[in-house]
1. Does region B:112-128 include one or more residues that are within 14 Å of another protein chain (Cβ to nearest Cβ), surrounded by 18 or more Cβ atoms within 10 Å (Cβ to Cβ) and in a helix (DSSP H, G or I)?
2. Tell me yes or no: at least one residue of region A:28-46 is modelled with pLDDT of 90 or more, within 13 Å of chain B (Cβ to nearest Cβ) and not in a loop (DSSP other than H, G, I, E, B).
3. I need a count of the residues in region B:220-235 that are of a type in the set (Asp, Glu) and either buried (at least 18 other Cβ atoms within 10 Å of the Cβ) or within 21 Å of B:TYR136 (Cα to Cα) (or both).
4. Can we say A:GLY58 is at positive phi and away from every other protein chain (no Cβ under 14 Å)?
5. Being without any contact (Cβ under 8 Å) to a residue 40 or more places away in the chain, surrounded by fewer than 22 Cβ atoms within 10 Å (Cβ to Cβ) and facing another protein chain (nearest Cβ under 9 Å) narrows it down to one residue among A:ARG71, A:ARG107, A:ARG113, A:ARG65; which is it?
6. Please determine whether any residue of region A:74-88 is at the interface with another protein chain (Cβ under 9 Å from one of its Cβ atoms), modelled with pLDDT under 90 and in a helix (DSSP H, G or I).
7. For A:PHE235, only one of the following conditions fails: (1) surrounded by 24 or more Cβ atoms within 10 Å (Cβ to Cβ); (2) over 13 Å from A:LEU24 (Cβ atoms); (3) among the hydrophobic types (A, V, I, L, M, F, W, C). What is its number?
8. For B:THR137, state whether it is within 10 Å of another protein chain (Cβ to nearest Cβ) and touching a residue at least 24 places away in the same chain (Cβ under 8 Å).
Amino acid sequence: MAYLDILNLEKSFGAHRVVKDFTLPIDRGEFISLLGPSGCGKTTVLRMIAGFETPNAGSIRLEGRDLVPLRPNQRQIGMVFQAYALFPNLTVAQNVGFGLRGAGVPRPEAQTRVAEMLDLIGLPLSEYGDRYPFQLSGGQQQRVALARALAPRPQVLLLDEPLSALDAKVRVRLRSEIREIQRRLGITTIFVTHDQEEALSISDRIVVMNGGIAEQVGTPFEIYNHPATPFVASFVGTLTPFDARVLDPGAGQVAAAGQTPDARPAAAAPGRRQRDPRPAPRGDPARPGRGARDCPAGHGPRGRVPGVRHPHPRRGAGPHHPARHLQPPRCPAPGPGRDDRDQLLGP
Amino acid sequence: MTRILAWAIFLLGCLYFVLPLWGMTEFSLRMRRGEYSLDAYASILANAEFQRTFAFSVTMALVTIVVGVLIVVPTAFWVRLRMPGLRPLIEFLTLLPLVIPAIVIVFGYIRLYNTSSWLPLTGTAMGTNILLAMGYTVLALPYMYRAVDTALRSIDVTTLTEAAQSLGAGWGTILWRIILPNVLAGVLSGAFLTFAIVVGEFTMAALLDRPAFGPFMQRLGQDRAYEPVALAVIAFAITWACMGLISLVTRTQKHLRAAS
């Protein structure tokens, strides 16, 4: 059983089914991104975990305890909002200490914790503690909101598009800071975003959602290089899709745009590689491979064939492997790749 | 030409506003024949009944404000948060006291809560005081609700509530530590309006036979010449002091400056 188990979650608003049979096991300390266009149900999933929406069916279990009947304030789940949502009438220190007061943390300990949290986000108590939210920049406000959510030591941290309201520079910096803090505290985190670059750069695993359905769950590398559905392929990265028919999965032959490849053996064909149907351990640098992935803004669709399912050895829970922290290069340099062996190179 | 006309109209407006006030103040100072004096004010302030009735009305006003805030703030908050569809209905309800005369309300109260009813509030002085406070709360409802609702509009009620909930706060904490401080400016302007209404209210107090300030002013007006006018000047001064306090409090509230 995973640390946070989301099972067959369903949610409808009126006749509109927003979340359809959503299942996701999450390990302790994992950083999960829910990625998808607006209206895909990602925020609704997050709000159901937080307790602001009640699912019509399904369960959310945290260490085996069912969260659904609990009210939001009983769940010990921290949340950061897009609009910061700092309490305008409280100072920075009071904002960060808000959750501690309610939790009955003794005052001296609460003060230490507030100082600790403000240090963590780089806004020292001595300088910023007495300021009001309106005296801070957007990036600073969102940092305070992060510190406020982390101060009561929640079991899970939810981030609801926390970077969307910030300008581009701050967004990139804060994004890596969030990841850094998350790793340092080892807190299980769910991050909702519509920005693929954000999701690809900070997640352990990404859930690509569309129309209330989890289209694909996988590491950023898997999502980017082996999209499982046409939607994932078109939503993540930029590519030119074309219809193709798999002729021989073993030889990696496809017929595209009415053209069939000649019948030479696949192994001998230049530019075409044999697919290895066996899953291999991840992060194995001993296996040679070619950087088959194109730049998103690059020339063509080589390297990613939507609709062709590739065997994925590890979806869902599994041991924590350092390789999963590897961030996917936006444009990988040619060289030893990890997963390239089952790439299909286009004609 | 238009400039001159504008100034002329402005001055005319000023005269319309200032002349009666000036006349009133001037008259209140002429109790002693042939010279200006503060005799009328001294006579009023020394009047034991003035002190009694004024204290009674101020107490009633404070009770009304507390009851009003306790009813209106949670209601307005809840309507904004969970039942936005009910807002027109609630607004209509809160405006009813403006169209239903106080005398109708108080007659209704007397019929409903008389000594032979299921809740004989008029049987004791304290019961009648409670009834009066409730009546005043109804009278002040339109002002209190509007003020609080407008203040609520300026903050993101839903997100702040959710943020507080995710930090473990219950409804009481949310209302007391987050919502109330952020709508304080609205609550205060509602409170001062309530104060002004309650201190001068006549109908309810007279028909429930409570020793309030309104009936005292009315009696004084029948019996004396200078004192009622002095009283009116005092009433104006109190109202202006209240208005000054509203803006003072709004200005000293640090965090509110950002919103405005």
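1. No, there is no match, as no residue in region B:112-128 is within 14 Å of another protein chain (Cβ to nearest Cβ), surrounded by 18 or more Cβ atoms within 10 Å (Cβ to Cβ) and in a helix (DSSP H, G or I).
2. Yes.
3. Of the residues in that region, 1 qualify.
4. Working: at positive phi: yes; away from every other protein chain (no Cβ under 14 Å): yes.
Here the answer is yes, as A:GLY58 does meet what is asked.
5. Going through A:ARG71, A:ARG107, A:ARG113, A:ARG65 in turn, just one is without any contact (Cβ under 8 Å) to a residue 40 or more places away in the chain, surrounded by fewer than 22 Cβ atoms within 10 Å (Cβ to Cβ) and facing another protein chain (nearest Cβ under 9 Å): A:ARG71.
6. yes
7. So the condition that A:PHE235 fails would be (1).
8. no
The values are calculated or read from the model by the stated rules, or taken from the named source; none is laboratory data. What you see is a predicted model; the values in this text were computed from it and never measured. Every residue, glycine among them, receives a Cβ derived from its backbone with ideal geometry; neighbour counts consider all protein chains shown.
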